[in-house]
1. Counting heavy atoms of the protein chains only and a 1.4 Å probe, report the per residue accessible area for the chain as a whole number of Å².
2. Rounded to two decimals, what is Rg over Rh for region 156-299 when you use alpha-carbon atoms and the Kirkwood radius?
3. Could you order peptides 50-63, 131-144, 97-110 by the average number of other Cβ atoms within 10 Å of their residues, highest first?
4. From Cα coordinates alone, what are the radius of gyration and Dmax values for region 99-203 in angstrom?
5. Is the shape of region 93-134 rounded, prolate or oblate, going by the alpha carbon gyration tensor and its root eigenvalues a ≥ b ≥ c, with a/c under 1.5 for rounded and a/b larger than b/c for prolate?
6. Got a number for carbon plus sulfur as a percent of region 164-299's accessible area, 1.4 Å probe?
7. Rounded to the nearest 0.05, what FRET efficiency is calculated for Lys70 and Lys222 with R0 set to 25 Å and r the Cβ-Cβ distance?
8. In terms of the Cα gyration tensor, with a ≥ b ≥ c the square roots of its eigenvalues, is region 32-181 rounded because a/c is under 1.5, prolate because a/b exceeds b/c, or oblate?
Amino acid sequence: MKSIILFTLLLINAPFAQSAMDEIPLHVTDDGHFSLEAVINGREGRFILDTGSTGTIVGLSKLEYFGIRKAKSTIDGIVVGDEEKGKIETFPISIESLVIGTHKLTIKNIHSNSTLHLGSEIDGIIGHDAIVELRAMVDIKNSKLLVPEKGIDVKALFTGSDSKYTAIPLLQTEMGFTLVKARLEQHDVVMLVDSGAQQVVLDMSVVADDFGFDLENHPKAKLVGRDGTETPMKVILNKTIKIGNAAIDGDFLVADFGALKQSIGSKNGTFMGIIGNKELASINSIIDAANGIIYVHKT
């Protein structure tokens, strides 16, 4: 289980428009996160929707509001940072109920850690576990959570000769992280598909040490740690990331992902970093976590 500390940084012709699909609007926060309302133990709250978090989380400061007792045992959650700094004290907790929209989930065991970096108005994170149980798809471009009715063949909505989407398989790690194969310049890599991040952030040791790219000082971007400390960030300039046939050109921030890289391992390839909402929107992507597919709009 992990939660990532994130940094501050239209419509398309959807093939599912006429299909039986519950569309839950996602709100875009001032710092670029997706948020939505959910009800835990009968109490309504606001949560960040994060495909990059393997589990659903309630903030430690919000436990009393939701009537949840903090467990005595802890595990290591994962945040941005090296093998030591990239760990956050996390508590397994139990809930009586979780409702998103009109959908009551069966999840009873989730986690709690500090979510103060997300702002006082945010009560926690809706993670991969809840998204998969809903069999929901995250429409990044249109800021919607799409929940199909039972019996709908989701794949059929995005396939066929007239489809405007290319289906790209996602990789699932043993710990529940969702990865996609990508290519940075001439290097084959994997990236974490993270709707809880505002933009692409690459692992410093990979891009600088392994690939030999030059790093520049970013004039504005800073990494905000869980203790509130700010660290200036580096950037690599004028690079291209390809996911399938979709190309993402630009300057990309870098950070130390030592703890996350260790948790993901190397079984699926070289882990290079996370791909966030800005770039996922630029390629009109729809994330289908339950079926392990990301649909990318054809150019």
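The values are calculated or read from the model by the stated rules, or taken from the named source; none is laboratory data. This is a predicted model, so every value here is computed, not measured. Backbone-built Cβ (ideal geometry, glycine too); neighbour counts: all protein chains shown. For accessibility, only protein heavy atoms count, side chains too; no ligands or nucleic acids. Shrake-Rupley method; radii C 1.70, N 1.55, O 1.52, S 1.80 Å.
1. 45 Å²
2. 0.97
3. Per-residue Cβ counts within 10 Å, averaged per peptide and sorted highest first, yield 50-63, 131-144, 97-110.
4. Rg then Dmax for region 99-203, in Å: 16.4, 47.
5. The shape class here is prolate.
6. Carbon and sulfur together cover 46 percent of it.
7. Calculated value: 0.20.
8. prolate
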